1. List the relative contact order of the chain as a percent without decimals, with contacts defined as Cα pairs under 8 Å and 6+ residues apart.
2. Could you tell me which of rounded, prolate or oblate describes the stretch 218-294, using a ≥ b ≥ c as the square roots of the eigenvalues of the alpha-carbon gyration tensor, with rounded for a/c under 1.5 and, failing that, prolate when a/b is larger than b/c and oblate otherwise?
3. Cα-based Rg of the stretch 148-224 per 2.2 N^0.38 Å, rounded to two decimals?
4. Give me D for the stretch 1-132 in µm² s⁻¹, whole number, from Stokes-Einstein with Rh from the Kirkwood sum over alpha-carbon pairs, 10 °C and 1.306 mPa s.
5. What trypsin sites (Lys or Arg not before Pro) does the stretch 148-255 have in DSSP loop regions with at most 16 other beta carbons within 10 Å?
6. Remind me, relative contact order of the stretch 53-131 in percent, using alpha carbon pairs under 8 angstrom and six or more residues apart?
7. Relative to a virtual label point 7 Å from the Cα of Q319 in the Cα→beta-carbon direction, which members of the stretch 272-288 show backbone nitrogen distances below 15 Å?
8. Place a +1 charge on the Cβ of each Lys and Arg in the stretch 50-108 and a -1 charge on the Cβ of each Asp and Glu, then give the dipole magnitude about the Cα centre in debye, rounded to the nearest 20.
Amino acid sequence: MLGQNGPAFGWIASVGLSPDGERVYVLDGASAEVTIWNRGGELLGRVGGHGEGPGEFRGPEQVVALDNGFRVRDASGFVSFSDEGVVVGSRRVPTTVSFRGFPVDPIAMARDGTIAAYPLVPDGVREGSHGDDPMLDIPLLVVTEADGAWRLDTVALLDERNLAMSLRRSGSDGREYQTAQPFGDWDEYAIDPDFNALVVVRRKAEGVGGIRLTRISRAGDTLWSRRIRLPPLPLTAEEIQRAIDTESQALVQLWPEVSRVQARRMVRAAMHTPEYRPAADRAVVMADGEVWLRTGEGADSDTLAVWYFVKGRHGAPTQVVLPRRFFPMGGRADDVVWGPYFDSLGVSYAEIRRLEGGS
């Protein structure tokens, strides 16, 4: 476990593991710093900080380990570092690059500089609540640049119905509160850390307990597609009730003039409540191409979460049970996986977990 004998982490946003498994890169979102460790837990160095100077970050979100260094993604692009933490390059997407007038969020970069991006379309525009037709499908984009000209190409479309829960006040002010649907089954995506390809996770295309995974190249070609079946999980009345309680409490805090009874009625009317839970609620692609899916199995447990992972188009999904406060990311070496762990007080650590799941 990293963080106990060195600098304390404010909030671990991302963990990267070097291809040889010997170096661990931990991105602290609170301090905007990357700390570099060996596998034995010895601190080797640190870089970054809030700012816009060389090696500084604006809202860093991910660290990716490379063959000879690492890369950090922040709000405006990517900064690459050597093994020793020296800046060796950066790539930014100009704010003038947009999709139908909406800014794009850079989410991954390939070695050739090709960038994957997601358009930041407001929920109200998606739903058509401003008078225009709703945008029911949101594109995943590949952004390339040649001679100063930027080009956007669509490589996949995401069905994002049932993503947002919108609560609107009646009356002249027409205020609106939007949050994610707690049981939404919208399409998800997960991208290789080094953007060799991306995976689209379609969570309502195969019926109850079914998921369709499609791996797509940067050029938009389908590399493989497969259907997997996970245990169907009926959505219980208790789960719905807990979600209504949580969302209505947040609404009352935002709008104190709304009573708890009114808030609960508004939330219940806006909440998507299918008969069964979505088969998976998170997706991660590891550096070796494994696709990890977190399910709702054991949702009533405060301690454990059930994940499945697959690699390629063949082979049954492998089940792994992990602590609920642990999130696998950044790659794995041999039979262990790295990721952040958050204790009951919200303190975060970078941990290594040995895999003991069966198929």
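The values are calculated or read from the model by the stated rules, or taken from the named source; none is laboratory data. Please read all numbers here as calculations on a predicted model, not as lab measurements. Cβ sites come from the backbone with ideal geometry, for glycine too, and all protein chains shown count toward neighbours. The protein model used for the area step is the full one, side chains on, heavy atoms only, and it has no ligands, DNA or RNA in it. Shrake-Rupley method; radii C 1.70, N 1.55, O 1.52, S 1.80 Å.
1. Relative contact order comes out at 12 percent.
2. prolate
3. 1.49
4. Rounded, D is 100 µm²/s.
5. R169, R175
6. The normalised contact order for the stretch 53-131 reaches 17 percent.
7. 280
8. For the stretch 50-108, the charge dipole is close to 340 debye.
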